[in-house]
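Visitor: Before I ask anything, here is the structure I am working with.
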């Protein structure tokens, strides 16, 4: 075949890499809109929302027909808010002095109590005053970035003030996690939200779904014939989903003492990544059909018998230790944490999905704070070879093939397989096929918050969690939480682990009961 042959289904290969497609990936342009951020003086706005909006502004994804109104209890005027956000951008490393002036004139602020009905009338008047000169067409996003205790209040007063209604443009409500703390509170919150807004207006955000590798799970599975035929109980031994953090609770002790790792990570991030990895293919790539399939996975989760919960769940809490050469305190020494707190900062859980594809395949979920390495990944371990024909030649065990979907800090896909080592002796070595998202790509990259904010402006709900998705994840987790927190007989012990380690030793024994081992880097 000549080197320049490119016709038909073939694609020319150079130096082991396929030539990239020429067609760029282009999103629809976001609609003009005004964004009202409740909790605008808080950490989420400073660290995530404003840097994400500024990057979208720099990339000309949002432009002239856009402005932000910050609302919070902190006393501040427009200029004070702009100065605070400028400092936040400089701290994030996203600051561009040339573009700042154009962005800053789109930032406004109102100091208000979230319980004050009059404040919502002030917000309404301000929006009406600014929407014409900025040309936003009456499109509004209300982003709730406050403590969860005021979610219901804000949603209710947006409704009673008339701000939830759609007149000349669309209106959308974005709600951050945690969406409730159990099944009952999530239902109460939904009742409050849906008394003011319709379900199509509500965007329950999970920024984890905005990460490139998480989204690519669907593309990897359903756009490639080499993976999907193996994506089932016949070929997969088990799946591990890991979210490991080196950070402690930082300034979130008040929240974390009420939440713990199961509410903070398992009800949202972990369950949604699990749903993406395990879902069936929808007939077409449509937001509602994708969310239908995610919900079916959560509905099929087997409820663990509470009397045997120790065989399904291992809990831990970090003690003092060392991270990156620095001594760090234990959880109970953190400011705002009770001295005898039993709140878990680590959890490992085994779950099963009772359907034809996954029956009998254990899926291990693990997340914790103050671990030795920041890492988020989905690791799919395939079954071992059915017959070891090399047993008399190699004299060593052949490990399993593993597909690793790395979510952070590097977004990449790796496939581990075995090949012969060079030389006359017959011996094997593990090698990796390794794909990084940044290799060979020079276009614009969007972070998780930039992606979900853009999707909200467009009206694409694929990466947002629907009402039934929230409800199903809480229905699975709430009985476990209630059993633990009532200190029921046989409830899992909260095991201490040293900061900088891989977690409690009990978690290693927990998974090794099945003859398996955690993937620890």
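Visitor: Within segment 88-107, is there a residue that is in contact with a helix residue (DSSP H, G or I) (Cβ under 9 Å, 6 or more places away or on another chain), without any contact (Cβ under 8 Å) to a residue 40 or more places away in the chain, closer than 29 Å to residue 200 by Cβ and assigned to a loop (DSSP other than H, G, I, E, B)?
Guide: No - not one qualifying residue is present in segment 88-107.
Visitor: Could I ask something else about it? Might you check whether a residue that is touching a helix residue (DSSP H, G or I) at 6+ places or on another chain (Cβ under 8 Å), within 21 Å of residue 412 (Cα to Cα) and crowded, with 20+ Cβ neighbours inside 10 Å occurs anywhere in segment 185-204?
Guide: For segment 185-204, residues touching a helix residue (DSSP H, G or I) at 6+ places or on another chain (Cβ under 8 Å), within 21 Å of residue 412 (Cα to Cα) and crowded, with 20+ Cβ neighbours inside 10 Å: absent.
Visitor: A follow-up question, please. Test of understanding: among 158, 173, 127, which residue is modelled with pLDDT of 95 or more and within 26 Å of the chain's Cα centre (by Cα)?
Guide: On the way: 158 fails: within 26 Å of the chain's Cα centre (by Cα); 127 fails: within 26 Å of the chain's Cα centre (by Cα).
Residue meeting the stated conditions: 173.
Visitor: Same structure, new question: Out of all the residues in segment 317-332, which are part of a loop (DSSP other than H, G, I, E, B) and without any contact (Cβ under 8 Å) to a residue 60 or more places away in the chain?
Guide: Here is the first cut: in segment 317-332, the residues part of a loop (DSSP other than H, G, I, E, B) are 320, 324-325, 329-330.
Result: 325, single match.
Visitor: Moving on. Can you report the number of residues in segment 70-79 which are more than 10 Å from residue 40 (Cα to Cα) and either assigned to a strand (DSSP E or B) or touching a strand residue (DSSP E or B) at 6+ places or on another chain (Cβ under 7 Å) (or both)?
Guide: Looking only at that region, the number is 4.
The values are calculated or read from the model by the stated rules, or taken from the named source; none is laboratory data. All figures in this text were calculated on a predicted structure; none of them were measured in a lab. Every residue, glycine as well, gets a Cβ built from its backbone with ideal geometry; the counts of neighbours run over all protein chains shown.
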